[in-house]
Amino acid sequence: MPNKLTATVICCFIALSLFSQKTIAIKCGNLFDAKAGVILKDQVVLVKGNIIQSVSPASSFKEKADSTIDLSGYTVLPGLIDAHTHVLLQQDITTKEYADQLLQESTPYRTLRAARSALISLKNGFTTIRDLETEGAMYADVDVKKAINRNIIPGPRMFVSTRAINTVGHYALSPEEFNWELDLPQGIQIVNGADEARRAVREQIAHGADWIKIYTDRGYYKAPDGSYHGLKNFTKDELAAISDETYGSRKKLVAHAVTHEGIQDAVSAGVISIEHGFGMDDDCIALLAQKHVYWCPTIYICDYMSEPRAKEGGMMDKYFMQTFGATFKKALDAGVKIVYGTDIGGYSWDEPQAKDFEYMVKWGMTTAQAIQSATITGAQLLDMEGKIGVVQPNAFADIIAVKGDPLQDIKILQHVQWVMKDGKVY
């Protein structure tokens, strides 16, 4: 009898909660249809709780809502998706900037700064992010994600990869650059051999990783014929173990891969997306298109880093920028699935998070295609198609608004005026 009574009380509570959810009618002067890539005029979006109930022309909207938000002077879009961020990082253009964070800042301190980064991302209109490693802050990204999900702090939806994986001697902080007698903190989880690689995947998933990230190349150089190359980080056995464990646990694999060698190894391991790919060649472009692998080019950071690093003697980013536009256009024409990602955190969180759109349009995308890379394509990458990246019935109420028409001027997305995430206005 008590069990039946408890069940009845719970059912009544759920029913009451559903009934008490308020409805909001959002009047949209312009509404970007992410699937069609067009602007719809004078639409009304009805939101109940955190879900979009309907989208209809204002002339036929008959529903009664508890409240109304008038965005008739704005262009309304789905919340944007940044597929490559680092909320635990606060710019690492130079070796010193990176070392200072790992050597001088505790993980709790960096996590507090990450809360600020998450809020900035949300205010920038990026209501969903894939955060691709903590750079030495262990599993603090899982904590940030939990705090957001539990409404302790404001921030975007987060998909996290925790520590990332690389092999011995192939990532900062390097004993070669510091006192080798010290036990230096590491920006990633270091493995050596297939067993350690498998164990690292298991540990990261056990601690809450949504994605597993690997670094497949390093030591980039420009050959006399103008092609780009790098050194491999993993053996075939190590990659096979990582891939087997990742997909056996129903997770996904992503790779930092910049040149031919790293991209080939990453694709052979079954990665879902290639990050950066600054030095990608024609063979890699064809491979990504054939295997339907996403490419997250992170363009602005390459440009942002090129001059400061050149002054310190590192010329590769400057070389990459000389050919990046042509590479991007080839990939676009070949049908590679290009997803929006910034690598923000690698550059300052006070810089525009929507800056990459400018390059994408300059290098061949239409403005609609560029926005789609940060909406429907990002949703597909994250297996959230129909739930995020669109303003349509049954999607989460992740909605932003800007003044003006981003299809006419993509830079408008650097000035988001209004943000709703999960039905809550920020």
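A few notes on this one:
- Loop trypsin sites (Lys or Arg not before Pro), segment 211-282, which have at most 10 other Cβ atoms in a 10 Å radius of their Cβ (DSSP): ARG250
- Volume of the Cα convex hull of segment 237-328, divided per residue and given in Å³: 105
- ³J(HN,Hα), Karplus 6.51/-1.76/1.60, whole Hz, each residue of segment 211-219, x for Gly, Pro: 10, 10, 10, 10, 10, 9, 8, 6, x
- Scattering profile of segment 123-206 at q = 0.19, 0.23, 0.25 Å⁻¹ [log10 I(q)/I(0), Debye over alpha-carbon scatterers]: -0.88, -1.07, -1.17
- Each principal axis of the Cα atoms in segment 161-283 has its own extent, and those three values, largest first, are 45, 39, 21 angstrom.
- Alpha-carbon Rg with Dmax, taken over segment 88-168, Å: 12.6, 39
- Around ALA334: net Lys/Arg minus Asp/Glu count, Cβ-Cβ under 13 Å: 0
- Net charge in the neighbourhood of LYS421 (other residues with Cβ under 9 Å of its Cβ; Lys, Arg +1, Asp, Glu -1) is 0.
- Amide H within-cut-off set for ILE344, under 5 Å, with H built and near neighbours excluded: HIS86
- Whole-percent carbon and sulfur share, accessible surface of the chain, 1.4 Å: 52
- Entry note, the chain: relative contact order of 19 percent, from Cα contacts under 8 Å with a spacing of 6+ residues.
- Flagged links, alpha-carbon separation over 32 Å, of LYS329/LYS424; LYS232/LYS330; LYS35/LYS213; LYS362/LYS421; LYS22/LYS337; LYS96/LYS145: LYS329/LYS424; LYS22/LYS337
- Each 10 Å bin from zero up to the one holding the largest Cα-Cα distance in the chain carries the following percent of pairs: 5, 21, 30, 25, 13, 5, 1, 0, 0.
- Put simply, the amide H of PHE159, placed in the peptide plane, has neighbours under 5 Å in ILE129, ARG130, ASP131, leaving out anything fewer than 5 places away on its chain.
- Reciprocal mean inverse distance between Cα atoms of segment 263-421 - Kirkwood radius, Å: 16.7
- The residues of segment 51-100 present an accessible area of 42 Å² per residue when probed at 1.4 Å with all protein chains retained.
- Taking amide H atoms as placed 1.01 Å from N in the peptide plane, the amide H of VAL191 lies under 5 Å from those of ASN166, THR167, VAL168, each 5 or more residues away in sequence or on another chain.
- For segment 299-372, the average shadow cast by the Cα convex hull is 5.0 nm², which is a quarter of the hull's surface.
- Percentage, to the nearest whole number, of Cα pairs in segment 38-157 over 21 Å apart: 52
- Length-normalised contact order for segment 98-254 - Cα pairs under 8 Å, 6+ apart - percent: 21
- 1.4 Å probe accessible area per residue over segment 258-332, in Å²: 36
- Here the chain carries DSSP beta bridges of which approximately 45% are antiparallel, counting only pairs with both residues inside.
- Loop-located trypsin sites (Lys or Arg not before Pro) in segment 44-107, at most 10 other Cβ atoms within 10 Å (DSSP): LYS62, LYS64
The values are calculated or read from the model by the stated rules, or taken from the named source; none is laboratory data. Note that the structure is predicted; figures quoted are calculated from it, not measured. With ideal geometry, Cβ positions are generated from the backbone for all residues, glycine too; neighbour counts draw on all protein chains shown. In case anyone asks, the SASA skips ligands and DNA or RNA and just uses the protein heavy atoms, side chains included. Shrake-Rupley method; radii C 1.70, N 1.55, O 1.52, S 1.80 Å.
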